[in-house]
Amino acid sequence: MRTLYQFPLSHYCEKARWLLDHKGLDFIAHNLIPGVHRAFSQLKTGQNNLPILKDGERWIADSTQIALYLDEIYPEHALLRSDLRLREKTLEINLLANELGLHVRRWGLALTLSISDEPIEIMIGEKGYLRRFEKISKPILKTLIAKNYQLDAERVAVSKNTMDAIIAELNQILIENHCRYLVGDRLGLADIAVCSMLAPLLELEGTPWENENHEIQSDAFLGYKNELLNLPLGQYVQRIYMTERNARVDWRGI
């Protein structure tokens, strides 16, 4: 059985889950503890980040490398086109989406954590040591997140500006491809990458970022969400999730 080592709230891990789902491959989503995960990641893959896919004896780190691996080993439902021009365009958009994801994470976390501990609650999970000792684990996790993701005001402002620029560029790419998909005429890596990176801003149903408990969001977050939904890009992300995100595994993991 394949195992995807993940953080449930990570949009890069959502991207990896979607890649596996698109291929129709069975897998287990296994959660790791933030911070503590680094020792495991270094031991298995020589780097610090998630997601990591274990497929038999193979260990593959990074959502993009997972996509390339899956297309090589499981070519059905290809994520990249055989046409060289379309393949290169897909990889360019994927790279742009990966950069966007860094800034979405910083800006979104900064706003959300300023008014709610909901992300911390999800990271702690429903049971286990973190939940058992939550009075200690919650403030530690919050400090780790602020430090690791550099949630200071100056960097958050830079991330907001960078998000604006990348979203405008992706919106134009989508319009030029007649608003159905980003590359070609069917779902592929570019679509999965972009939709996964933007999903946290839209609080889409069935995703880790769905506002199930009707948590209060900041005016800045709600305003940005509405601005995004007024763009073809935001409407496209919403449509793709509704029609093509056929999740086979619960994002909450085990």
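Scanning the range 197-209 for residues that are in a loop (DSSP other than H, G, I, E, B) and not charged (D, E, K, R), which turns out surrounded by the most Cβ atoms within 10 Å (Cβ to Cβ)? Only one residue tops the list, namely Trp209. Restricting the first member to the range 1-30 and to residues that are farther than 18 Å from Ala190 by Cα, and the second to residues that are of a type in the set (Asp, Glu) and outside any loop (DSSP other than H, G, I, E, B), the beta-carbon pairs closer than 6 Å and six or more apart or on different chains are Arg2/Asp55. Scanning the range 92-115 for residues that are crowded, with 16+ Cβ neighbours inside 10 Å and polar (S, T, N, Q) yields Asn94, Asn98, Thr112.
If you scan the range 157-190, which residues turn out to be assigned to a loop (DSSP other than H, G, I, E, B), among the small types (Gly, Ala, Ser) and under 18 Å from the mean Cα position of the chain (by Cα)?
If we filter the range 157-190 for residues that are assigned to a loop (DSSP other than H, G, I, E, B), which is where we start, we get 177-188.
After this cut, where a residue has to be among the small types (Gly, Ala, Ser) as well, the list is 184, 188.
Listed by number, the list holds a single entry, Gly188.
For the range 210-219, does any single residue satisfy the condition of being at pLDDT below 95, part of a helix (DSSP H, G or I) and surrounded by fewer than 19 Cβ atoms within 10 Å (Cβ to Cβ)? Walk me through it before giving the result.
Filtering the range 210-219 down to residues at pLDDT below 95 leaves 210-219.
Pick out the ones that are also part of a helix (DSSP H, G or I) and you get 219.
With surrounded by fewer than 19 Cβ atoms within 10 Å (Cβ to Cβ) added as a condition, the list becomes 219.
Yes: one or more hits.
Would the range 225-246 turn up any residue that is among the aromatic types (Phe, Trp, Tyr), under 27 Å from Gln65 (Cα atoms), in contact (Cβ under 8 Å) with a residue 60 or more places away in the chain and outside any loop (DSSP other than H, G, I, E, B)? Scanning the range 225-246 turns up at least one residue that is among the aromatic types (Phe, Trp, Tyr), under 27 Å from Gln65 (Cα atoms), in contact (Cβ under 8 Å) with a residue 60 or more places away in the chain and outside any loop (DSSP other than H, G, I, E, B).
Test Lys89 against the stated conditions and say whether it is in the same structural domain as Cys195 (by TED's automatic domain parsing), surrounded by fewer than 22 Cβ atoms within 10 Å (Cβ to Cβ) and assigned to a helix (DSSP H, G or I).
Details: in the same structural domain as Cys195 (by TED's automatic domain parsing): yes; surrounded by fewer than 22 Cβ atoms within 10 Å (Cβ to Cβ): yes; assigned to a helix (DSSP H, G or I): yes.
Considered against the rule, which asks whether it is in the same structural domain as Cys195 (by TED's automatic domain parsing), surrounded by fewer than 22 Cβ atoms within 10 Å (Cβ to Cβ) and assigned to a helix (DSSP H, G or I), Lys89 comes out as yes.
Would you say Ala168 is in the same structural domain as Ala97 (by TED's automatic domain parsing), at pLDDT 95 or above and out of contact with any Phe, Trp or Tyr (no Cβ under 9 Å at 6 or more places or on another chain)? Considered against the rule, which asks whether it is in the same structural domain as Ala97 (by TED's automatic domain parsing), at pLDDT 95 or above and out of contact with any Phe, Trp or Tyr (no Cβ under 9 Å at 6 or more places or on another chain), Ala168 comes out as yes.
Could you go through the range 9-28 and let me know if any residue there is over 23 Å from Ile254 (Cα atoms), outside the structural domain of Ile216 (by TED's automatic domain parsing) and under 16 Å from the mean Cα position of the chain (by Cα). Before you say what the answer is, go through the steps one by one.
Start the filter on the range 9-28 by keeping residues that are over 23 Å from Ile254 (Cα atoms), which leaves none.
No, the conditions are met nowhere in the range 9-28.
Where residues in the range 220-254 are aliphatic (A, V, I, L, M) and at pLDDT below 95, which of them is surrounded by the most Cβ atoms within 10 Å (Cβ to Cβ)? Of everything passing the filter in the range 220-254, Val249 is surrounded by the most Cβ atoms within 10 Å (Cβ to Cβ). Among the residues making up the range 213-253, those that are among the β-branched types (Val, Ile, Thr) and either over 20 Å from Phe27 (Cβ atoms) or out of contact with any strand residue (DSSP E or B) (no Cβ under 6 Å at 6 or more places or on another chain) (or both) are Ile216, Val237, Ile240, Thr243. In this structure, Leu80 does not satisfy being closer than 13 Å to Tyr12 by Cα, at pLDDT 95 or above and touching a Ser or Thr at 6+ places or on another chain (Cβ under 9 Å).
Of all residues in the range 12-48, those satisfying the criterion of being assigned to a helix (DSSP H, G or I), at pLDDT below 95 and of a type outside the set (Ser, Thr, Tyr) are His37, Arg38, Ala39, Phe40, Gln42, Leu43, Lys44.
The values are calculated or read from the model by the stated rules, or taken from the named source; none is laboratory data. Please read these numbers as outputs of a predicted model, since none were measured by experiment. Note that we place each Cβ from the backbone using ideal geometry, even for glycine, and neighbour counts take in every protein chain shown.
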